[in-house]
1. Among the residues of the range 109-119, which ones are surrounded by 10 or more Cβ atoms within 10 Å (Cβ to Cβ) and modelled with pLDDT of 75 or more?
2. Could you check how many residues of the range 49-73 are closer than 11 Å to residue 28 by Cα and touching a helix residue (DSSP H, G or I) at 6+ places or on another chain (Cβ under 6 Å)?
């Protein structure tokens, strides 16, 4: 049993080593008040910037609260203590700014010329068609 545990520990350590070599991690994180962007310097030399108001829980955060960003662990996450918000760096780079329900709600709020034109056409017809109820 002890050998199995030692093997599991060794495998977990190796997975951690692989993640540290391959997964993007934050080396530095800061809020640029003038640009209204979070700036992440990654361990691979890249820089990533994003508007923090897109993150679930930071929609109404003040500049002072945004500036208090902390890097978690080995750079795999970011944390805002005042707002009790945590996000993964990999998630941010993948465009994930909150839970699935939050992301669906944000997507539904998107404004595009095509969406505005469709809304005007539907409005001219009396609004969105009612869903049919089949009984």
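The values are calculated or read from the model by the stated rules, or taken from the named source; none is laboratory data. Because the structure is a prediction, the values reported are computed rather than measured. Note that each Cβ is placed from the backbone with ideal geometry, even for glycine, and that neighbours are counted across all protein chains shown.
1. Within the range 109-119, 117, 118 qualify.
2. Count: 0.
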